[in-house]
Amino acid sequence: MRLSLLDRSRTRTDRSAAAAVSDTIERARWAEAAGYERFWVAEHHAVPGIASGSPAVLLAAIGAATSRIRLGSGGVMLPNHSPIVVAEQFAMLDALCPGRVDLGVGRSLGFTPPIRKVLRADTEDAERFADDLADLQDFLLGTGPVTVQPAPERLIPIHVLATGQGLAIAAQRGLPVVVGGPMLTGDLAPLAAYRREFVPSAFAAQPSVTVSLDVLVADTDAEARRLAMAEAVAMAESRRTGEFPPLRAVTEMPDGLTPRARESAQRSLDGSVHGSPATVRRRLEDLVDRTGADEILSSASTFDRDALRASDESLAALLR
């Protein structure tokens, strides 16, 4: 089973945003040492709790700081960009880090209406995702109307961060998918349709599914739940305020949360895999059996960086 990490460059109340970027690079180093397959970074714009707005720039720094681990965007949001710009950014990355680059793309717009406005992105941009994806493939294949520079010396893999409609597009375009959220515990019919309708392409001969979720490992189930609480509370607060906050040192459900926010935090906890090594192993095996996943992508974070490193290393050892 392949195992990868997604780091969103989460900010923390006791550290600067610049420190969050340095923390991401440090995490990539320890992920490589632990044997992870890929290290992914995200694209979020103008979000106080996330310092990763430029995946290609951050991946270049990570590539310079590592030597083996694959470098992935999880993902570049195509509605925010021209396909040729994305193609050239990742062709440049591949020239700098030959054979190590994975281009993950999605169709989400900005976090809030003001962010979408300054990005000059709207629902029409998201609706053009299939066309933009086809253009991106053409540029990377060298069959577009103009030539990407630097010209790629190998085919750069593309992964689609997908839900229902995105899965159908990925199947038509012959691309691997990354899925997460409610789909992992709900109706798997769209995933079955993706596999059934997959059209082999130059990018992939057969369907491939990566499941993405928060995974935290600690000595006990109770300790792992405490680690998961910081992200769960931040997510609940973001849904209440529209602003994703920096992580803070929260290990129990705060008394000040509204009933709705408390329910939201609990849903986040329920949607993650956290626990002792035995608990995590059992739950991940069940998830792989249920979804037929080819790869697990852990997107977890927590306030305590030392505990996060211990969790990442324990997870790698668990699935080695």
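The values are calculated or read from the model by the stated rules, or taken from the named source; none is laboratory data. As the structure is a prediction and not an experimental result, all values here were calculated from the model. We place every Cβ from the backbone using ideal geometry, glycine too, and count neighbours over all the protein chains shown.
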Scanning region 22-49 for residues that are crowded, with 20+ Cβ neighbours inside 10 Å, out of contact with any Pro (no Cβ under 9 Å at 6 or more places or on another chain) and aliphatic (A, V, I, L, M), the one farthest from ALA310 (Cα to Cα) turns out to be VAL47
List every residue pair whose Cβ atoms lie under 9 Å apart, where the two residues are 6 or more positions apart in sequence or sit on different chains, the first residue falls within region 77-102 and is under 13 Å from ALA151 (Cβ atoms), and the second residue, located anywhere, is crowded, with 17+ Cβ neighbours inside 10 Å and among the hydroxyl-bearing types (Ser, Thr, Tyr). PHE90/SER73
Return the pair list, or none, for Cβ contacts closer than 8 Å from residues in region 146-169 that are among the polar types (S, T, N, Q) to residues that are surrounded by fewer than 24 Cβ atoms within 10 Å (Cβ to Cβ), at least 6 apart or on different chains. GLN149/GLU88; GLN149/ALA91; THR163/GLY181; THR163/MET183; THR163/PRO190
Among the numbered criteria (1) surrounded by fewer than 16 Cβ atoms within 10 Å (Cβ to Cβ); (2) touching a Leu at 6+ places or on another chain (Cβ under 9 Å); (3) closer than 16 Å to ALA34 by Cβ; (4) of a type in the set (D, E, K, R), which one does GLU295 miss? (1)
Could you check how many residues of region 262-309 are in contact with a Lys or Arg (Cβ under 6 Å, 6 or more places away or on another chain) and either without any contact (Cβ under 8 Å) to a residue 40 or more places away in the chain or at positive phi (or both)? 1
Filtering region 75-130 down to residues that are at pLDDT 90 or above and aromatic (Phe, Trp, Tyr), which residue is surrounded by the fewest Cβ atoms within 10 Å (Cβ to Cβ)? PHE129
Looking at (1) in contact with a helix residue (DSSP H, G or I) (Cβ under 9 Å, 6 or more places away or on another chain); (2) surrounded by fewer than 18 Cβ atoms within 10 Å (Cβ to Cβ), which is the only condition VAL217 fails? (2)
Of all residues in region 272-306 being among the β-branched types (Val, Ile, Thr) and outside any helix (DSSP H, G or I), which is farthest from TYR194 (Cα to Cα)? THR302
Taking region 51-73, which residues are assigned to a loop (DSSP other than H, G, I, E, B), surrounded by 15 or more Cβ atoms within 10 Å (Cβ to Cβ) and over 17 Å from the mean Cα position of the chain (by Cα)? THR66
In region 250-265, which residue that is in a loop (DSSP other than H, G, I, E, B) and of a type in the set (D, E, K, R) is modelled with the highest pLDDT? GLU252
Which of the following residues is aliphatic (A, V, I, L, M) and under 22 Å from LEU284 (Cβ atoms): ALA31, ALA51? ALA31
Check off (1) of a type in the set (Val, Ile, Thr); (2) over 17 Å from VAL217 (Cα atoms); (3) modelled with pLDDT of 90 or more for THR241 and give me the number that stays unchecked. (3)
Kindly provide the set of residues from region 24-48 that are of a type outside the set (D, E, K, R), touching a helix residue (DSSP H, G or I) at 6+ places or on another chain (Cβ under 6 Å) and within 27 Å of HIS81 (Cα to Cα), ordered by number. ILE25, ALA28, PHE39, VAL41, HIS45, ALA46
